1. Below 17 Å, Cα to Cα, which aspartates and glutamates can Lys169 reach? Residues fewer than 8 away in the same chain don't count.
2. What shape does the range 71-169 have by the C-alpha gyration tensor, where a ≥ b ≥ c are the square roots of the eigenvalues, rounded means a/c under 1.5, and otherwise prolate means a/b greater than b/c and oblate the rest?
3. Which helices pass in the chain if a helix is a full DSSP H run, must span at least 24 angstrom along its long axis by Cα, and must have mean Kyte-Doolittle hydropathy not below 1.6?
4. If you average the sequence gap of Cα pairs under 8 Å that are 6 or more apart and divide by the length of the chain, what percent do you get for the contact order?
5. Quick check on my link table: of Lys7/Lys130; Lys7/Lys54; Lys47/Lys109; Lys47/Lys118; Lys10/Lys58; Lys47/Lys130, which ones sit more than 26 Å apart, alpha carbon to alpha carbon?
6. With a/c under 1.5 counting as rounded, go ahead and sort the range 1-66 into rounded, prolate or oblate using the C-alpha gyration tensor (a ≥ b ≥ c being the square roots of the eigenvalues; past the cut-off, prolate if a/b is larger than b/c, else oblate).
7. Could you give the length gained by full extension between Thr136 and Ser56, i.e. 0.36 nm per residue of separation minus their alpha carbon distance, to one decimal place?
Amino acid sequence: MNDAFFKNLKADLNTYQGDWTQQGFWAMTVYRFGRWRYTVRFTPLRKVYSFLYKFSYKVAQILTGIELPCEAPVGPGFRIDHFGGIVISGYAQFGSNCIIRNGVTIGLKNIDTPRAPKIGNNVNIGAGAKILGDITIGDNVDIGANAVVLQSVPANSIAVGIPARIISKQPQTVTILQEAINQ
């Protein structure tokens with residue numbers, strides 16, 4: 001194993017405040033192993049590691065209820081806060097410092113269109129949220145619990161409801177002042 005694998009694993013452990021018993025950390029360990037195996041050049045050995053990854057992935061999925069395929073790139077500080085019922089498409093992408101809670105699905109809107117959301121930096125996703133389709137979630141966004149997000153969400157916003165309504169995080173008085181200045 002190379003230094004990058006252990007460096008990422010150490011950073012993940014720091015994200016979980018050193019608590020290696022967190023199920024999210026277990027899922028991240030399997031995820032990191034799955035990404036690392038692609039760096040092995042010797043094909044027979046990579047195939048052995050691929051088998052070990054697929055087995056570990058299934059065990060972690062059963063024990064934690066977290067489906068995080070290694071094909072989905074995640075940024076540093078990615079955190080699965082509560083385990084169970086989490087399904088993430090291999091087509092999804094995550095920026096830095098994203099938090100996901102239990103019951104979250106991030107994936108395809110249509111099975112015929114293999115495109116999943118691109119999640120920005122500092123995104124906080126509430127329990128039970130569903131984020132689906134070829135959409136972009138901007139930086140510093142909060143997705144409310146049980147929200148169903150089917151459209152892109154601009155940076156510094158909140159998405160709540162079914163289907164999700166998008167609300168700016170800027171206080172209304174600032175927005176009114178900005179509108180007055182622009183006139």
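1. Asp139, Asp142, Glu179
2. Judged from the Cα gyration tensor, the range 71-169 comes out rounded (a/c under 1.5).
3. none
4. For the chain, the relative contact order is 12 percent.
5. Lys7/Lys130; Lys47/Lys109; Lys47/Lys118; Lys47/Lys130
6. Judged from the Cα gyration tensor, the range 1-66 comes out oblate (a/c at least 1.5, b/c at or above a/b).
7. 25.8 nm
Laboratory data are not the source of any read-out in this text; all were calculated from the coordinates shown. In this text, all values refer to a predicted model and were calculated from it rather than measured experimentally.
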